[in-house]
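Presented below is the structure to which this report refers.
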Amino acid sequence: MTAIVQIANVEKVYDGGFAALKGVTLDIEEGEILALLGPNGAGKTTLISTICGITLPSTGSIRVGGHDVVHDFRGARALVGLVPQEVTLEPFETVWSTVRFSRGLFGKAKDDALIEKILRQLSLWDKKDTAIRALSGGMKRRVMIAKALSHEPRVLFLDEPTAGVDVELRRDMWEIVAGLKADGVTIILTTHYIEEAEAIADRVGVINNGQLLLVEEKAALMTRMGQKHLRIDLQSRIGAVPDALAGFDLELADEGAALVYRYDTRAERTGIASLMTAMSAAGLVLRDLQTSQNSLEDIFVGLVHKTEDAA
């Protein structure tokens with residue numbers, strides 16, 4: 001695939017000396033969904049703002065569709081749609097006039113058929129004549145997306161699009177994003193909801209303290225960094241892990257009613273067969289077995305803690 005967004009060694013240092021971005025390098029492929037994860041203050045919004053030309057990079061370069069965001073701002077910005085965290089809409093305007101006006105701001109010719117298509121796609125058509133002030137919070141966020149799509153961008157940035165939205169509407173938003181991808185739109189999503197990244201992203205990036213820790217395909221990340229846990233429920237409680245099992249990575253759980261065994265999914269052998277044999281020799285009787293794999297949230301938290309400890 002072709003990289004539609006190219007970020008090379010970008011740093012953003014404010015006048016007081018605070019470095020919000022530190023040497024970020026990233027290629028975003030055309031037509032993909034990239035989820036950027038990171039805690040508050042990690043640099044997610046700063047990175048988006050810099051790509052969109054809202055703030056200038058201190059060093060490095062950013063190109064969107066081949067246009068440099070500093071030296072060819074208009075060319076780059078014309079390709080970008082941005083849905084910011086804050087809902088900023090004129091309360092007394094209707095949905096229709098709000099979205100239609102946004103298209104005009106980019107110098108695009110009037111296209112009411114396109115505006116209708118966007119509103120229908122976002123389930124806003126029946127609200128087209130409704131004043132913004134009369135909409136729910138979730139509907140206002142949909143209007144923000146409609147505004148961002150009105151000038152037919154090739155790249156759409158969604159900065160915490162489902163913050164404060166209920167679970168049902170959040171799932172609707174995921175379907176909307178999937179539909180936009182099907183139309184060929186490249187989507188960069190920042191989120192605090194790990195399940196969003198797991199549900200819809202092609203690749204996941206983790207950013208913390210202004211540094212991009214990794215960017216990897218979601219499935220490959222889960223395979224490479226995921227660990228499996230085997231929970232062994234015991235017939236009788238034990239006070240400690242028997243010495244005979246000291247060679248295994250075991251810990252007591254539920255006040256001695258269970259053992260938890262961690263193993264690497266990449267290893268040729270899991271060691272489970274040897275563990276079962278050793279447990280039987282130690283006189284432990286099993287009641288039940290359950291396996292689970294690290295979620296993306298577990299991986300994310302581990303990466304963030306690792307960088308914070310290193311700092």
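What number goes with the only condition from (1) closer than 24 Å to G81 by Cα; (2) modelled with pLDDT under 80 that I187 does not pass? Failed condition: (2). Checking the stated criteria, L114 turns out to be over 27 Å from the mean Cα position of the chain (by Cα) and in contact (Cβ under 8 Å) with a residue 24 or more places away in the chain. If only residues of the range 1-21 that are modelled with pLDDT of 95 or more and not hydrophobic (A, V, I, L, M, F, W, C) are counted, the one that is farthest from L303 (Cα to Cα) is Q6.
Looking at T162, T130, just one residue is in the same structural domain as R74 (by TED's automatic domain parsing), more than 28 Å from R74 (Cβ to Cβ) and within 20 Å of the chain's Cα centre (by Cα), and that residue is T162.
Flag not set for G247, criterion: at pLDDT 80 or above and at positive phi. Scanning the range 133-156 for residues that are hydrophobic (A, V, I, L, M, F, W, C), at pLDDT below 95 and surrounded by fewer than 17 Cβ atoms within 10 Å (Cβ to Cβ) returns no hits. Might you check whether a residue that is in the same structural domain as L105 (by TED's automatic domain parsing) and touching a Ser or Thr at 6+ places or on another chain (Cβ under 7 Å) occurs anywhere in the range 200-210? Yes, some residue in the range 200-210 is in the same structural domain as L105 (by TED's automatic domain parsing) and touching a Ser or Thr at 6+ places or on another chain (Cβ under 7 Å).
Suppose the filter is out of contact with any helix residue (DSSP H, G or I) (no Cβ under 8 Å at 6 or more places or on another chain) and at positive phi; does D254 pass it? Here the answer is yes, as D254 does meet what is asked.
Within the set A199, A219, the sole residue that is under 30 Å from G41 (Cα atoms), surrounded by 14 or more Cβ atoms within 10 Å (Cβ to Cβ) and under 32 Å from the mean Cα position of the chain (by Cα) turns out to be A199.
Would you be able to say whether some residue in the range 129-144 is within 21 Å of T45 (Cβ to Cβ), hydrophobic (A, V, I, L, M, F, W, C) and touching a helix residue (DSSP H, G or I) at 6+ places or on another chain (Cβ under 9 Å)? Yes; the residues of the range 129-144 include at least one that is within 21 Å of T45 (Cβ to Cβ), hydrophobic (A, V, I, L, M, F, W, C) and touching a helix residue (DSSP H, G or I) at 6+ places or on another chain (Cβ under 9 Å).
This table checks each residue for (1) outside the structural domain of T50 (by TED's automatic domain parsing); (2) part of a loop (DSSP other than H, G, I, E, B); (3) over 28 Å from the mean Cα position of the chain (by Cα); (4) closer than 24 Å to E196 by Cβ.
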residue: R100; (1), (2), (3), (4): no, no, yes, no
residue: V143; (1), (2), (3), (4): no, no, no, yes
residue: A146; (1), (2), (3), (4): no, no, no, yes
residue: P153; (1), (2), (3), (4): no, yes, no, yes
residue: E168; (1), (2), (3), (4): no, no, no, yes
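Being basic (K, R) and under 26 Å from A281 (Cα atoms) is the filter; apply it to the range 213-244 and report the residue that is modelled with the lowest pLDDT. Result: K228. Identify the residue in the range 84-117 that is of a type in the set (A, V, I, L, M, F, W, C) and within 16 Å of L135 (Cβ to Cβ) and, among all such residues, is surrounded by the fewest Cβ atoms within 10 Å (Cβ to Cβ). Applying the filter and picking the extreme gives F92. The residues in the range 256-292 that are under 30 Å from M222 (Cα atoms), exposed (fewer than 11 other Cβ atoms within 10 Å of the Cβ) and at pLDDT 90 or above can be counted, and the count is 2.
The values are calculated or read from the model by the stated rules, or taken from the named source; none is laboratory data. Just so you know, these numbers come straight off a predicted model, no measurement behind them. So basically every Cβ, Gly included, is an ideal-geometry build from the backbone, and we count neighbours across all protein chains shown.
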